[in-house]
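What follows is one structure encoded as structure tokens, with my remarks underneath.
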């Protein structure tokens, strides 16, 4: 058994990716982390396809790129390796997807942009806020399609874009009360709908089981993130850390530990 390996799970948006850019210092720190014999895991609400987009962003904005060992995608529902092989995934039932879309208008009168992710593609079902057509959004990122076409395709998560924090909290709780068998996890600007019980923390737990089955022993898990969907990940970590400026509940879940950057956190871990 390989002993003594350390694992770092890092969130992407608001932690490693800012305005479609990865900072050079962060990319260099991730290289140092892996060069020291440690595992790097990307833990994100992004779908499998949008994780690849983050890798492309890193390649375009740094001289290094972004190499990783595993990714926990779509709010914990899906675990892939660096080659893109899916080791585990869980999807919503078609009836649940339809029920979520129907329930949104009953739960809130605020505009909500509705997306649905599968292993292969990211769909936009309704976008009154205009995220999918924003000039900063790559034109091939989302495919417009009707609910009737998408519901049965194996939806891993449904990201709902709703910028207001208080409205998003009410939407999350309202949907969980209205639709059976789902979980709603908040992140900055989004509520991610998944099958019940799914979270980044659950995904990390399943990755730990996968590594154990492969004879890989992890001696320490560190995690860094900036939003509410990272709290479950912090609960799985020996060394949790929130990004400076994260909401108070997120900082509290990290035991009060904060960092100005991923690079600074890695430097502290390697010291």
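When 189, 225, 203, 215 are checked against the criterion of being touching a residue at least 60 places away in the same chain (Cβ under 8 Å), surrounded by 15 or more Cβ atoms within 10 Å (Cβ to Cβ) and more than 21 Å from residue 27 (Cα to Cα), 203 stands alone in meeting it.
If you check residue 109 against the conditions, is it free of Cβ contacts under 8 Å to residues at least 24 places away in the same chain and under 30 Å from residue 70 (Cβ atoms)?
Judged against the criteria, residue 109 is not a match.
Scanning the stretch 93-109 for residues that are out of contact with any helix residue (DSSP H, G or I) (no Cβ under 8 Å at 6 or more places or on another chain) and part of a loop (DSSP other than H, G, I, E, B), we see that the one that is nearest to residue 6 (Cα to Cα) is 93. Per the conditions (1) under 21 Å from residue 94 (Cα atoms); (2) surrounded by 17 or more Cβ atoms within 10 Å (Cβ to Cβ); (3) under 16 Å from the mean Cα position of the chain (by Cα), the sole criterion not satisfied by residue 127 is (3).
Anything in the stretch 165-175 that is crowded, with 17+ Cβ neighbours inside 10 Å and without any contact (Cβ under 8 Å) to a residue 40 or more places away in the chain? List them, or say none. Once the filter is applied, which keeps residues that are crowded, with 17+ Cβ neighbours inside 10 Å and without any contact (Cβ under 8 Å) to a residue 40 or more places away in the chain, the stretch 165-175 yields 168, 172.
Looking across the stretch 237-258 at every residue that is over 19 Å from the mean Cα position of the chain (by Cα) and assigned to a helix (DSSP H, G or I), the one that is surrounded by the most Cβ atoms within 10 Å (Cβ to Cβ) is identified as 252.
Among the residues of the stretch 117-124, some residue qualifies, meaning at least one is under 18 Å from the mean Cα position of the chain (by Cα), more than 22 Å from residue 21 (Cβ to Cβ) and surrounded by fewer than 15 Cβ atoms within 10 Å (Cβ to Cβ). Among the criteria (1) touching a helix residue (DSSP H, G or I) at 6+ places or on another chain (Cβ under 8 Å); (2) touching a residue at least 24 places away in the same chain (Cβ under 8 Å), the one residue 253 does not fulfil is (2). Just one of the listed residues (112, 79, 48) is in contact with a helix residue (DSSP H, G or I) (Cβ under 6 Å, 6 or more places away or on another chain), outside the structural domain of residue 160 (by TED's automatic domain parsing) and crowded, with 19+ Cβ neighbours inside 10 Å, namely 79. Residues that are outside any loop (DSSP other than H, G, I, E, B), in contact (Cβ under 8 Å) with a residue 12 or more places away in the chain and more than 15 Å from the chain's Cα centre (by Cα) within the stretch 60-80 comprise just one, 61.
The set of residues in the stretch 90-109 being closer than 24 Å to residue 164 by Cα and surrounded by fewer than 16 Cβ atoms within 10 Å (Cβ to Cβ) consists of 102, 105, 106, 109. Among helices (runs of 4 or more DSSP H) entirely within the stretch 133-236, having at least 2 residues that are in the same structural domain as residue 265 (by TED's automatic domain parsing) and over 29 Å from residue 267 (Cβ atoms) singles out 200-213.
Taken over the stretch 14-46, residues that are in a strand (DSSP E or B) and closer than 23 Å to residue 187 by Cβ amount to 8.
Matching residues to (1) within 30 Å of residue 106 (Cα to Cα); (2) modelled with pLDDT of 95 or more; (3) under 19 Å from the mean Cα position of the chain (by Cα):
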| position | (1), (2), (3) |
| --- | --- |
| 204 | no, yes, yes |
| 228 | yes, yes, yes |
| 235 | no, yes, yes |
| 260 | no, yes, no |
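Suppose we keep only residues that are at negative phi and surrounded by fewer than 18 Cβ atoms within 10 Å (Cβ to Cβ) within the stretch 2-17. Which one would you say is modelled with the lowest pLDDT?
It comes out as 2.
The values are calculated or read from the model by the stated rules, or taken from the named source; none is laboratory data. Note that the coordinates shown come from a computational prediction; the quantities given were computed from them, not determined experimentally. Every residue, glycine as well, gets a Cβ built from its backbone with ideal geometry; the counts of neighbours run over all protein chains shown.
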